[in-house]
Every structure is written in C-alpha cells, then in structure tokens.
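Remarks on the structure that follows.
The values are calculated or read from the model by the stated rules, or taken from the named source; none is laboratory data. Note that the structure is predicted; figures quoted are calculated from it, not measured. Cβ coordinates were reconstructed from backbone atoms using ideal geometry, including for glycine residues, and neighbour counts include every protein chain displayed. Calculation scope for accessible area: heavy atoms of the full protein, side chains included, ligands and nucleic acids excluded. Shrake-Rupley method; radii C 1.70, N 1.55, O 1.52, S 1.80 Å.
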Amino acid sequence: MRKLVWLLIVLAVLWGAWWATATTQMQSTLTGLLDSRRAAGWEVTLKDISKSGFPLSLQNRLSGLAVAAPARGLAFEAPQLDLSAPVWWPGDLSARASVASAALPAGALPLTLNIRDLRADLALHPGTTLQLEAIELRSTHLEVNGPDGLLLEAEEPRMRVTQSSGAARDYDIALLPGGITPGPLLRKVLGDGAVQPGGQPILSARMAVTLARPLDRHSAVAGTLPQIDALTVENIDAAWGDVALGAEGALTFDAEGIPDGVLSLRVTNWSKLLDAGERGGFLPPSMRGQVNTMLRLLEARGSTPGGLDLDLVFADGQMVLAGLPLGPAPRLIQP
C-alpha cells in the first residue's frame with residue numbers, strides 16, 4: 001500500500017512537471033510568434049498572458065491582444081483570447097473570443113469584420129514542422145463592413161480548411177456563411193429580393209488548392225501563405241431572390257501568379273443584374289443598351305431563357321469571356 005502511495009505521488013509530481021513545462025512552452029511559442037511579427041514590422045500589443053488548466057489542459061489567456069500590418073491592410077483585435085489544448089498533445093488547439101474584430105482587403109476594397117463568439121479549432125500533425133491537418137473557424141454572428149458601412153450580416157458562419165490525405169500540399173476549403181442578411185448598401189444595389197419567393201440570400205463555396213509547400217510552422221513564423229500552384233473550384237454559388245450566380249472550373253498558376261485554365265460561369269436572370277449594376281453606379285445608363293444587346297446575343301448561344309452559360313478562359317496571360325477578349329489576366333498576389 002505504501003509503495004502504491006509513493007508511486008501515485010511520483011506520478012503526480014511528474015505530471016505536474018510535464019504540465020508546467022508544456023504550458024510554459026506553449027506560452028513561449030506564442031510570445032515568439034508575436035515577436036516575429038514585431039520584427040517583420042507589424043504593430044503588436046499584448047497587455048497580459050496568463051496560464052491555467054491544470055491538470056488536464058494547457059490554457060493561456062491573452063488579454064488586450066491587437067496585431068496589425070497597416071501596409072497590408074491586415075489587423076486583428078480581441079480584448080480576451082483564450083487558448084486551450086489537451087495536455088497530451090498541444091497541437092490540437094482551440095481558440096475562443098467572445099468578441100473580436102479583424103480588417104482585411106478584398107482586392108481594392110478594405111473590409112472590417114466584427115465577430116461574436118469566435119472559435120477556431122486547429123489540428124496539427126505531430127512532428128518538427130507541425131503541418132496543418134485542419135482548421136475550422138466559426139462564430140455565432142459576423143458583420144462585414146465596407147468603407148460606406150454595413151455590407152452584410154451572417155448567422156453561424158463557418159469555414160474549414162482540411163489537408164488532403166493523399167498529398168501534403170493539397171487542401172480542401174469549404175465556406176458556409178449560414179443565414180445572410182444584406183446590409184442597406186447591398187439592398188439598394190440588388191433590390192429587395194427578400195420579398196420574392198426563395199428570397200433568403202444564399203452563399204456557399206467549395207474548392208481545393210495545391211500550394212507550393214505545405215502549411216506549417218514556417219508559414220506561421222513568416223506570416224505569409226505559400227504560392228498557390230493550382231485551384232479547383234468545385235462550386236461557388238450565390239443567390240438573392242430569383243437572381244443567381246455560379247462558377248466551377250480549374251486553374252493553374254505559374255511562378256508569377258498568372259492563371260491558366262477555364263472557369264464556367266452561370267447566371268440566372270442576368271437582366272436583373274444589369275439593374276443592380278445601374279443602381280450601384282457600376283453600369284452607366286448610356287451603356288445599358290449596348291451591354292443588354294451583347295448579353296442577349298450570348299443568351300441566344302445557350303439553352304436557358306434569361307440565363308447565361310459562359311466560359312472565362314485564361315491563357316497566355318490573357319482573359320477571354322465567351323470568345324470576347326477582356327485583356328490581361330490578373331495576377332494572383334499572395335497576401
């Protein structure tokens with residue numbers, strides 16, 4: 001009996017030592033990542049970091065966290081961010097924040113995200129490089145704001161990135177925004193589709209990417225994503241009222257980020273999109289008749305009344321839509 005007691009004491013001491021070491025290492029890794037961002041010119045603020053979770057989890061609470069790269073239009077801020085991982089494998093990490101905000105560019109359009117009940121679940125492969133196995137981001141409520149105000153709100157949005165089991169550089173991406181409510185600006189541009197049958201806005205996307213190298217700790221320290229070598233769009237679907245857009249296809253990218261391949265585009269009720277373009281100021285009234293005539297000719301090529309089935313072809317650095325040259329193809333610039 002005495003030996004059993006001593007054994008339990010020794011095991012408890014060893015377990016406590018392991019917990020203290022693992023928690024301290026987790027904290028050191030976090031501060032190291034933040035220091036690397038400071039060294040890269042980012043603005044980083046962290047008021048406090050504390051440890052807890054003994055005996056079964058490793059927990060770090062970051063208070064007053066704010067990171068920003070103004071030159072790139074990127075920022076993240078959370079008054080309190082809680083990180084937790086099981087003591088037996090810190091690579092299964094969960095991050096939670098009751099409120100958070102982020103800024104990121106969508107092309108030339110700067111966006112601000114206000115997030116409620118943010119949760120990120122991260123799974124890393126064991127090993128020295130800590131390759132990403134999967135990450136899922138979700139929240140109970142998301143606001144997307146542009147320079148002129150609220151663009152849309154989403155209830156229970158989710159995004160998941162999963163490494164392919166067959167190739168370390170391949171990742172499947174799913175974007176499921178949940179219930180969407182357009183903001184005043186989008187309602188003005190798109191019209192009041194909510195009062196139409198099936199008017200609930202819908203948006204979903206599933207795609208697969210091949211990167212130049214796997215996502216791992218080196219990517220995290222560098223703060224940049226590897227170059228995208230290939231992109232397969234399984235589906236991108238958006239609908240508002242009786243207007244719908246869809247896309248699928250496959251592209252490859254050279255070392256300069258220039259695409260090659262075909263995207264098949266589907267448009268339902270394209271005439272209402274012209275109405276939206278005119279309301280939003282993207283289509284001058286003087287050009288409405290010319291564009292309308294051209295799209296009617298393209299509609300006549302297909303078999304869907306009021307719809308368009310178009311191929312957007314990228315080849316030799318140029319873009320061609322349904323046989324019409326559009327000019328140089330845009331380069332994919334990594335953030």
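Listing for the model above:
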read-out	value
Matching residues, the range 198-214, being out of contact with any Pro (no Cβ under 7 Å at 6 or more places or on another chain), modelled with pLDDT of 90 or more and not in a strand (DSSP E or B)	P214
Within the range 154-177, tally of residues that are modelled with pLDDT under 85 and surrounded by fewer than 17 Cβ atoms within 10 Å (Cβ to Cβ)	2
Test: residue in the range 101-121 that is closer than 22 Å to T31 by Cα, among the charged types (D, E, K, R) and modelled with pLDDT of 90 or more	yes
Selection status of V144, open to solvent by 30 Å² or more (accessible area, probe 1.4 Å), part of a strand (DSSP E or B) and not aromatic (F, W, Y)	no
Odd one out for L283 among (1) hydrophobic (A, V, I, L, M, F, W, C); (2) in contact with a helix residue (DSSP H, G or I) (Cβ under 8 Å, 6 or more places away or on another chain); (3) in contact (Cβ under 8 Å) with a residue 24 or more places away in the chain	(3)
The range 40-69, residues that are in a strand (DSSP E or B) and modelled with pLDDT under 85	K51, S52, S57, L58
Residue within the range 250-265 that is of a type in the set (S, T, N, Q), farther than 22 Å from R206 by Cα and either part of a helix (DSSP H, G or I) or open to solvent by 30 Å² or more (accessible area, probe 1.4 Å) (or both) present	no
Test: residue in the range 285-298 that is open to solvent by 40 Å² or more (accessible area, probe 1.4 Å), within 21 Å of R206 (Cβ to Cβ), modelled with pLDDT of 80 or more and not in a strand (DSSP E or B)	no
Single residue of the range 214-241 satisfying the filter (surrounded by 18 or more Cβ atoms within 10 Å (Cβ to Cβ) and over 18 Å from the mean Cα position of the chain (by Cα)) that is farthest from R37 (Cα to Cα)	G241
Test: D121 is free of Cβ contacts under 8 Å to residues at least 24 places away in the same chain, in a strand (DSSP E or B), of a type in the set (D, E, K, R) and surrounded by 15 or more Cβ atoms within 10 Å (Cβ to Cβ)	no
Answer from R96, R37 - the residue that is in a helix (DSSP H, G or I), at pLDDT 80 or above and among the basic types (K, R)	R37
Output for the range 215-230, where each listed residue is modelled with pLDDT of 85 or more and assigned to a loop (DSSP other than H, G, I, E, B)	L215, D216, P226, Q227
Matching residues in the range 70-90 - criterion: being more than 16 Å from Q25 (Cβ to Cβ) and in contact with a Lys or Arg (Cβ under 8 Å, 6 or more places away or on another chain)	Q80, L81, D82
Tally of residues being open to solvent by 50 Å² or more (accessible area, probe 1.4 Å) and within 24 Å of V221 (Cβ to Cβ) across the range 51-63	3
Qualifying residue in the range 319-331 (condition: charged (D, E, K, R) and either touching a strand residue (DSSP E or B) at 6+ places or on another chain (Cβ under 6 Å) or farther than 30 Å from A222 by Cα (or both))	no
Condition met for P110 (of a type outside the set (D, E, K, R) and within 23 Å of the chain's Cα centre (by Cα))	yes
So R331, is it more than 23 Å from the chain's Cα centre (by Cα) and in contact (Cβ under 8 Å) with a residue 60 or more places away in the chain	no
Test set (1) among the aliphatic types (A, V, I, L, M); (2) surrounded by fewer than 15 Cβ atoms within 10 Å (Cβ to Cβ); (3) more than 22 Å from V221 (Cβ to Cβ) - L151 fails condition number	(2)
